[in-house]
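Where a number appears in this text, it was derived from the coordinates with a stated rule and is not lab data. Fair warning: this is a prediction, and the values are worked out from it, not measured in the lab. Quick reminder, even Gly has a Cβ in these numbers, built from the backbone with ideal geometry, and neighbours come from all protein chains shown.
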Amino acid sequence: MTGSRYYITTPIYYVNDVPHIGHAYTTLACDAMARFMRLDGHEVLFLTGTDEHGQKVEKAAAKAGLEPQIFTERLSRLFRDLLPSLNVSNDDFIRTTEFRHIQSVQEVWRRLVKNGNIYLGQYAGWYSVRDEAYFSENELVDGMAPTGAPVEWVEEPSYFFNLSKWQEPLLRYYEENPDFIAPRSRRNEVVSFVSGGLHDLSVSRTSFKWGVPVPNDDDHIMYVWLDALTNYITAAGFPDCASETYTKFWPANLHVVGKDIVRFHAVYWPAFLMAADLPLPERVFAHGWWTNEGKKISKSLGNVIDPLELIETFGLDQVRYFLLREVPFGNDGDFSRSAMIGRMNNDLANDFGNLSQRVLGFVAKNMGGVIPTPGNFTNDDAALLDAAERLLSRLRDEYQSQAFNRALETVWNVVGAANRYIDEQAPWALRKTDPERMSTVLYTLMETIRYLAILMQPIVPTSAGRMLDQLGVGIGARDFRCLTEAHRLSPGIKLTKPTPVFPKYTETK
Ligand code: ME8
């Protein structure tokens, strides 16, 4: 990682349709990452936005009977409005129809031309509007794109980017930067694709108008992927390379994408940047694909999951937790109602929520809600506190590799240890026999919960925040610098009456 700034991006989503669970998933993963880095003291730029040009969007607008400008405005708003409902902490939202972006893409184009990497030719081949991608005859499977999307024959004058020239530089970059593409399976896929040879890429279209005009040749608009990928550098201030934002945040640390668009991010994007003499991002992570009860999510099957409905039914933090806990980031995952309820009730309500409610409820009932003064810590107390203290460095490693599920497993090991500790120490039995020992046990538990709640903020920000409220931890004492003995809870402070943070789901609800 470079210094203490961190730039993370989601893909910018096509505004051809309303947002669904897949879009929410990528954005939430980035949100967890961005929150973790902020709490860990980094200055973060977290970007998301919408991809508004190209044939796919133009066709969707026509189908809706609207001008593309009006249509994209409307749909982009839906994506933007979803963010607060998901409690997403993005710092910027970019639309490719914005002036700052058009200026930036045109400057990238000029640089590509200046460096001799673009030439005029004639494209003749297949195009899939759904994928916004070109395919050669031998890539087609039963007359369709490999993704199953229909293709159409396109023959038109076109500018080409000399992608073939970048094969060796790309392979060298992958070799020298083994973490550039993750997970490993995706990296292998990309390396073998590039090793197989690259064709020059058509980067302009003449048969429709909805795009950024090519500088000095108004007959052409830019290929939507050249336009779209450039959003990442636009939001970092390009073309003003002297700006504070640019010098601070470019190159990006992490582009999170779905596995469907790895090739664009791990092949085309670094090639464009090299060819324009611009620095390359540090890492592209491609996550897997969600299905619904075992079935591909698609409009025609009528099984598209609306993130707002999900939140309405199960609660926002519950959904955030489920999505990042259930499936290793990078693997495909299946959304099932029973798995969702299982995670919500077992992990959140029983394990974590109940731990805090039991402890704080006991303190409220038996100690007037005042943080107890601990006596000497025994080995058992110290073992639990040590386990909590060791979490941060473990979590740094897991987040660094986007292993959210392992990060959560690691946290749950300590949740489990705390639950075992409370049963073994049985503070309720100590109340009469050894009140001083009872105070130490409760204090040890409260301090452990403080660690757990602070570390869970990236995933369940509202609930962790409520837990910290109930522990009397001030807003200014919730970042990772406070995960030390010096910031321990102050005995004698009176707490508010605790209420359960993680409700259980019951079918009658
Ligand atoms: O590809 N499971 O936009 P897009 C998991 N505009 N993730 C899913 C998903 C699913 N079932 N469905 C969608 C584009 N996604 C381009 C990107 S970037 C410069 C341009 C997520 O609206 C996943 O992140 O088709 C995927 O990569 C993205 O949505 C595709 O969004």
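Let me spell out the model: positive unit charges on the Cβ of Lys and Arg, negative unit charges on the Cβ of Asp and Glu, origin at the Cα centre of the chain. What dipole size does that give, in debye rounded to 20? Numbers along the way, then the final one.
Details: 52 positive and 63 negative charges, 322 e Å.
Result for the chain is approximately 1540 debye, rounded to the nearest 20.
Give me the number: length gained by fully extending GLU485 to GLU507, i.e. 0.36 nm times residue separation minus the C-alpha to C-alpha distance, one decimal in nm. List each step's numbers first, then the result.
Numbers: separation 22, 0.36 × 22 = 7.92 nm, distance 4.28 nm.
Here the answer is 3.6 nm.
What does the charge add up to near LEU280, with Lys and Arg as +1, Asp and Glu as -1, over the other residues with Cβ less than 12 Å from its Cβ?
Numbers: positive: ARG172, ARG283; negative: GLU176, ASP277, GLU282.
Value of the local net charge: -1.
Percent antiparallel among DSSP beta bridges with both residues in the chain, to the nearest 5? Provide the component values of the computation, followed by the final result.
Numbers: 23 of 47 bridges.
Expressed as a percentage, antiparallel bridges in the chain total about 50.
Return one quarter of the surface area of the convex hull spanned by the alpha-carbon atoms of the stretch 5-288, equal to its mean projected area, in nm². Numbers along the way, then the final one.
Details: hull surface 58.0 nm².
Averaging across all directions leaves 14.5 nm² for the Cα convex hull.
Enumerate the aspartates and glutamates that LYS248 could reach by cross-link, defined here as Cα to Cα under 19 Å, with residues fewer than 8 away along the same chain left out.
LYS248 reaches ASP40, GLU43, ASP91, ASP92, ASP240, ASP277, GLU282.
Of ILE233, ILE221, ILE181, ILE70, how do they rank once you tally other Cβ atoms within 10 Å and put the fewest first?
Details: ILE233 28, ILE221 21, ILE181 24, ILE70 11.
Final ranking by Cβ density, sparse to dense: ILE70, ILE221, ILE181, ILE233.
Of all trypsin sites (Lys or Arg not before Pro) in the stretch 238-301, which ones are in loop regions per DSSP and have a Cβ with at most 12 other Cβ atoms within 10 Å? Let's see the in-between values first.
Details: sites: LYS248, LYS259, ARG263, ARG283, LYS295, LYS296, LYS299; in loops: ARG283, LYS299.
The qualifying sites are LYS299.
Starting from the Kirkwood radius over alpha-carbon pairs of the stretch 328-397, derive D by Stokes-Einstein at 20 °C in a medium of 1.002 mPa s and give it in µm² s⁻¹. Present the calculation step by step, with values, prior to reporting the outcome.
Working: Rh = 15.7 Å.
D, rounded to a whole number, is 137 µm²/s.
In the chain, with Lys and Arg counted as +1 and Asp and Glu as -1 at Cβ, which of these residues, TRP210, VAL18, ASN346, has the Cα nearest the positive end of the dipole, that is, farthest along it?
Comparing the listed Cα positions along the dipole, ASN346 ranks first.
Which value, in debye to the nearest 20, gives the size of the charge dipole of the stretch 307-347 about its Cα centre, when Lys and Arg are +1 and Asp and Glu are -1 at the Cβ?
Details: 4 positive and 7 negative charges, 20 e Å.
The dipole magnitude comes to about 100 debye.
Where Rh is the Kirkwood radius over the Cα pairs of the stretch 407-507, the temperature 20 °C and the viscosity 1.002 mPa s, what D in µm²/s does Stokes-Einstein return? Write out the running numbers ahead of the final one.
On the way: Rh = 14.8 Å.
Rounded, D is 145 µm²/s.
Calculate the dipole size of the stretch 71-202 relative to its Cα centre from +1 charges on Lys and Arg beta carbons and -1 charges on Asp and Glu beta carbons; express the result in debye to the nearest 20. Please list the in-between numbers first.
Values: 14 positive and 20 negative charges, 96 e Å.
I would put it at about 460 debye.
What do you get for Rg/Rh of the stretch 235-366 when both radii come from the Cα atoms and Rh is the Kirkwood radius?
Details: Rg = 21.2 Å, Rh = 18.5 Å.
Computed over Cα atoms, the ratio is 1.15.
Starting from the amide H of ASP179, placed 1.01 Å from N in the peptide plane, find each other amide H under 5 Å away whose residue is 5 or more places distant or on another chain.
When sequence neighbours closer than 5 places are left aside, there are no close amide H contacts.
Filter LYS56/LYS296; LYS299/LYS504; LYS209/LYS259; LYS56/LYS259; LYS59/LYS296 down to the pairs with a C-alpha to C-alpha distance above 26 Å, please. Please report the intermediate quantities before stating the final value.
Details: LYS56/LYS296 21 Å; LYS299/LYS504 31 Å; LYS209/LYS259 29 Å; LYS56/LYS259 20 Å; LYS59/LYS296 24 Å.
From the list (LYS56/LYS296; LYS299/LYS504; LYS209/LYS259; LYS56/LYS259; LYS59/LYS296), the Cα-Cα distance tops 26 Å for LYS299/LYS504; LYS209/LYS259.
If you wrap a convex hull around the alpha carbons of the stretch 173-242, what volume per residue comes out, as a whole number of Å³?
Working: hull volume 11.1 nm³, N = 70.
Enclosed volume per residue, from the Cα hull, is 158 Å³.
Sort CYS241, CYS482 so that the residue with the fewest other Cβ atoms within 10 Å of its own Cβ comes first and the one with the most comes last. Let's see the in-between values first.
Working: CYS241 13, CYS482 17.
Placing the least packed residue first, the sequence is CYS241, CYS482.
Write down, largest first, the equivalent ellipsoid semi-axes of the chain in whole Å, where each equals the square root of 5 times an eigenvalue of the alpha-carbon gyration tensor.
Values: eigenvalues 490, 109, 76 Å².
The equivalent ellipsoid of the chain has semi-axes of 49, 23, 19 Å.
Starting from one equal scatterer on each C-alpha and no solvent at all, send me the Debye-based log10 I(q)/I(0) for the stretch 335-487 at q = 0.09, 0.12, 0.21 Å⁻¹, two decimals.
At q = 0.09, 0.12, 0.21 Å⁻¹ the computed log10 ratios are -0.28, -0.51, -1.48.
If exposed means no more than 15 neighbouring beta carbons inside 10 Å and the site is in a DSSP loop, what's the longest run of the chain without any exposed GluC sites (Glu not before Pro)?
1-292
Using a 10 Å cut-off around each Cβ, can you sort LEU171, LEU391 from fewest to most neighbouring Cβ atoms?
LEU171, LEU391
Roughly speaking, what is the centre-to-centre gap between the stretch 353-427 and the stretch 439-486 when only Cα atoms are used, to the nearest Å?
10 Å
Find the Cα radius of gyration of the stretch 1-125, compare it with 2.2 N^0.38 Å by division, and give the number to two decimals.
Numbers: Rg = 17.4 Å, N = 125, 2.2 N^0.38 = 13.8 Å.
Rg over 2.2 N^0.38 Å, computed on Cα atoms: 1.26.
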